[in-house]
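Working notes for the structure below.
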Amino acid sequence: MIALAALDIAGTTVDEGGAVYRVLSAVVADHGVTDPAHVLVAGDTALDVRAGLAAHAGIVAGVLTGAQTRAELSAEHPTHVLGGVHEIPALLADQELSRGTG
């Protein structure tokens, strides 16, 4: 089962004490997720990518639908850079196949 939560979090700090990290961690806990490797964070800013990485999300995708370029998002070292959120289902399917669970 896949649970989805769409968030619009405003903040400027993503370390473990920052507001973005705390909100993301609370949402993950509210969905009963105990292993952050089972979390996908997608965002269109460098801050979004940093937040996903700080939360130890298994997939951190920079999405090219915002103002930042592929180079700007890639500089933050996301696990993936996507053209848009419409690519997430295929990404998840690929992940399932690579784990042999699909």
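Okay, here's what the table says:
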read-out: Exclusive hit being touching a helix residue (DSSP H, G or I) at 6+ places or on another chain (Cβ under 8 Å), at pLDDT 80 or above and under 18 Å from PRO89 (Cβ atoms), set ALA42, ALA51; value: ALA42
read-out: Selected residue (criterion: farthest from SER98 (Cα to Cα)) from residues of segment 45-87 that are among the small types (Gly, Ala, Ser), free of Cβ contacts under 8 Å to residues at least 24 places away in the same chain and surrounded by fewer than 19 Cβ atoms within 10 Å (Cβ to Cβ); value: ALA67
read-out: Every pair of residues 6+ apart whose Cβ atoms lie under 6 Å, when the first sits in segment 27-44 and is part of a strand (DSSP E or B) while the second is of a type outside the set (A, V, I, L, M, F, W, C); value: VAL41/GLY52
read-out: Subset tally (residues that are over 8 Å from the mean Cα position of the chain (by Cα) and among the aliphatic types (A, V, I, L, M)) for segment 21-50; value: 10
read-out: Segment 45-71, residues that are outside any helix (DSSP H, G or I) and small (Gly, Ala, Ser); value: ALA55, ALA57, GLY58, ALA61, GLY62, GLY66, ALA67
read-out: Hey, GLU76 at pLDDT 80 or above, at negative phi and in contact with a Lys or Arg (Cβ under 9 Å, 6 or more places away or on another chain) or not; value: yes
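The values are calculated or read from the model by the stated rules, or taken from the named source; none is laboratory data. Note that the coordinates shown come from a computational prediction; the quantities given were computed from them, not determined experimentally. All Cβ positions, glycine included, derive from the backbone under ideal geometry; neighbour counts span all protein chains shown.
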